[in-house]
Amino acid sequence: MNFTPIDDRGLVDGFCIIKSIEQKTSSKGDAYLDMMLGDSDGEINAKLWRYSKELHGEYAVNELVKIRGMISQYNGADQLKIEKIRHTYSEDNVNIEDFVKTAGFSGEDMFAELLNLAKGFNDKELSSIVTAILNDNRLKILYWPAAFKLHHAVRGGLLLHTLSIVRLAQSVCEIYPFVDKELLISGAILHDIAKLSEFEVADSGIATGYSAEGNLIGHLAMGAMVIEKYAEKLGISKKTAMLLEHMVLSHHGEPEFGAAVRPMFIEAELLSELDLMDSRVFEMREAVMAANEEDFSGRIWAMENRKLYNHARTDLNEETKIF
């Protein structure tokens, strides 16, 4: 967290975003706020004890606030005991977008790269449907995250995740020339397209929760529905549409992980494996970065509750090489 130290006892202050907030009751019967605060550098659990709406004010998720408090250790992790909290004012000259994690690359640049790849396909059907879906969803795609809480849950994360898989797919096709490169790249570009409808996302580019569609249908089924709609509109052949729909429906690999069906052709299997690889590398890097050198991270729920070891042999701050 990019807090400013006030003294050598751990007192800090600064601006941050409320990522979650819940009013609870302590064992003594007092109200308190249990919050997760975040900025572009990370996040921290925070408690505002003896909370009073009249004294402290009311706050909401995704609000930018200024806090002052004391950082201490609780169960092996940093925790902030809030002493003061307030809403931000225009005179603070702060922009909420500066306090969220970002993909590290321009959304415009990443979008242009995907669009140019699709425009250059030899397969006119694939080119037509992928470019149409990209162009019609451009404004959201530019800043949308790839997840609510897990991998690439950052501003521009959907584009970063997508382009990362595309780069992996391009390399795979150099090794296996029998793979249908344009089909694989098309599936990679479209595999998470329905996350644009699955999440509720603030202007900051951070997901605040799932939409009704996201909860009831999910992005795999909705993604296949998007492809079906555009295929009918553009006159795409039934076979091409079916292959793309299958890749979207199967890219989680196993039914227990949400896949409607298991991958049933080479490009579908490759997409599923590359999607898993990119998501896990992102989560692993985040976890190891938070661990001290030659120490272990906390347990990672998305990776069977494994702890990861920080061997400190590489610079984890280096950006993903997508350009």
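The values are calculated or read from the model by the stated rules, or taken from the named source; none is laboratory data. What you see is a predicted model; the values in this text were computed from it and never measured. Ideal geometry is used to build each Cβ from the backbone, glycine not excepted, and the neighbour counts take in all protein chains shown. These accessible areas exclude ligands, DNA and RNA; they are computed on the full protein's heavy atoms, side chains included. Shrake-Rupley method; radii C 1.70, N 1.55, O 1.52, S 1.80 Å.
Summary of computed values
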quantity: For segment 35-51, Karplus couplings with θ = phi - 60° (6.51, -1.76, 1.60), whole Hz, Gly/Pro x; calculated: 10, 10, 9, x, 8, 5, 9, x, 8, 8, 6, 9, 10, 10, 6, 6, 5
quantity: Per residue accessible area in Å² of segment 75-136, where ligands, DNA and RNA are left out and the probe is 1.4 Å; calculated: 56
quantity: Helix 266-289 vs. the chain, principal-axis angle (Cα, 0 to 90°, nearest 10); calculated: 20
quantity: DSSP bridge orientation in the chain - percent antiparallel, rounded to nearest 5; calculated: 90
quantity: In degrees, nearest ten, helix 181-190 long axis to first principal axis of the chain (Cα); calculated: 40
quantity: Solvent-accessible area per residue, Å², over segment 170-321 with all protein chains present [probe radius 1.4 Å]; calculated: 56
quantity: Per-pair calculated FRET efficiency, R0 = 25 Å: Val61 and Phe296 via Cβ, rounded to 0.05; calculated: 0.20
quantity: Fraction of accessible area attributable to carbon and sulfur, segment 77-170 (%, probe 1.4 Å); calculated: 46
quantity: Fluctuation leader among Ser52, Ser164, Ser40 - the chain, Gaussian network, Cα springs under 10 angstrom; calculated: Ser52
quantity: Spin-label model distance (nm) - Ala259 vs Thr88, 7 Å beyond Cα toward Cβ; calculated: 4.2
quantity: Net length gained if the chain between Val179 and Glu304 were fully extended (0.36 nm per residue, minus Cα distance); calculated: 41.9 nm
quantity: Under Karplus coefficients 6.51, -1.76 and 1.60, residue-wise ³J(HN,Hα) of segment 99-112 in Hz, glycine/proline x; calculated: 10, 10, 5, 10, 5, x, 10, 5, x, 4, 5, 5, 4, 4
quantity: 27 Å Cα-Cα reach of Lys24 towards lysines, excluding residues that sit fewer than 8 places from it in its own chain; calculated: Lys47, Lys53, Lys66, Lys81, Lys84, Lys149
quantity: Pairs from Lys28/Lys307; Lys119/Lys233; Lys119/Lys181; Lys19/Lys229; Lys140/Lys238 whose Cα-Cα separation, in the structure shown, is over 24 Å; calculated: Lys28/Lys307; Lys19/Lys229; Lys140/Lys238
quantity: Positive-end residue of Leu244, Leu55, Ser106, charge dipole of the chain with Cβ unit charges; calculated: Leu55
quantity: For segment 17-79, diffusion coefficient by Stokes-Einstein and Kirkwood Rh (Cα), 10 °C, 1.306 mPa s, µm²/s; calculated: 127
quantity: Positive-end residue of Gln23, Pro5, Val94, charge dipole of segment 1-95 with Cβ unit charges; calculated: Gln23
quantity: Gyration tensor (alpha-carbon) shape descriptor, segment 270-323, a/c threshold 1.5; calculated: oblate
